[in-house]
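Enquirer: Let me give you the structure first, and then I'll get to my questions.
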Amino acid sequence: MKAIVCRDYGSPDVLRLEELDRPIPNDDQVLVRVLAASVNPLDWHYMEGLPYIGRLAAFGLLQPNVTRLGVDYAGRVEFVGKNVTSFKPGDEVFDGKTGAFAEYVCVSPNRAIALKPANVTLEQAASVPIAA
């Protein structure tokens, strides 16, 4: 799958489009095809490594610990693990999950993942979880 990756701190020039393995969900996860994503300040903090205290606490001192950016997304459930009963393939959902600037994310259904309301577009839903 294609994903936006940040392997060094800095300006947007450090972002790269890379080919990565598609995540494989376990029995307690759903695989979601990301159809829309939004940018929020958290993405900027991860990319820049700012504030610097964040590098000590969570980001990584010299290089980012989190290399896949993107948090807010909306998409369609492609696969559900055998223990998942709250979602089914084809459901349109939205959530905040690190690594959302990619074609797929694996998500645990006990997170804040939710069904997208029918009267909301995917783009609108993708702007809600953290950016809103």
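Every number in this text was worked out from the coordinates using simple rules, so none of it is lab data. Because the structure is predicted, anything quoted here is derived from the model rather than measured. Virtual Cβ from ideal backbone geometry, glycine too; neighbours counted across all protein chains shown.
Enquirer: Find how many whole Å separate the alpha carbon centroid of segment 1-43 from the alpha carbon centroid of segment 76-109.
Expert: 14
Enquirer: Based on the inverse mean of 1/r over its pairs of different Cα atoms, what is the Kirkwood hydrodynamic radius of segment 1-72, in Å?
Expert: For segment 1-72, the Kirkwood estimate is 13.4 Å.
Enquirer: Here's a follow-up. Under a plain spin-label model, where a point goes 7 Å from the Cα along Cα-to-Cβ, how far apart in nm are residue 110 and residue 17?
Expert: It works out to 3.8 nm between the two label points.
Enquirer: Given all pairs of different Cα atoms, what value in angstroms does the Kirkwood hydrodynamic radius of the chain take?
Expert: It is 15.1 Å.
Enquirer: Order of 117-127, 9-19 by packing, highest average Cβ count within 10 Å first?
Expert: Ranked by mean Cβ neighbours within 10 Å, highest first: 117-127, 9-19.
Enquirer: Please find, in a Gaussian network model of the chain (springs between Cα atoms separated by less than 10 Å), the residue of 91, 21, 43 whose mean-square fluctuation is greatest.
Expert: Greatest mean-square fluctuation among the candidates belongs to 21.
Enquirer: I'd like the Karplus ³J(HN,Hα) series for segment 27-39: coefficients 6.51, -1.76, 1.60, θ = phi - 60°, whole numbers in Hz, and an x wherever there's a Gly or Pro.
Expert: Going residue by residue, I get 5, 10, 10, 10, 9, 10, 7, 6, 10, 7, 9, 10, 9 Hz, with x marking Gly and Pro.
Enquirer: Follow-up question, since we're still on this one. How about segment 46-132: which trypsin sites (Lys or Arg not before Pro) there are in a DSSP loop, with at most 14 other Cβ atoms within 10 Å of their Cβ?
Expert: Taking segment 46-132 and a limit of 14 other Cβ atoms within 10 Å, the loop trypsin sites (Lys or Arg not before Pro) found are 82, 111.
Enquirer: For the chain, set up a GNM with springs between Cα atoms under 10 Å and report which of 112, 36, 57 has the largest fluctuation.
Expert: Per the Cα network of the chain with a 10 Å cutoff, 57 tops the list.
Enquirer: While we're here: Quick one: which residues, 5+ away or cross-chain, put their amide H under 5 Å from the amide H of residue 72? H built at 1.01 Å from N.
Expert: It is 38, 97, by chain and number.
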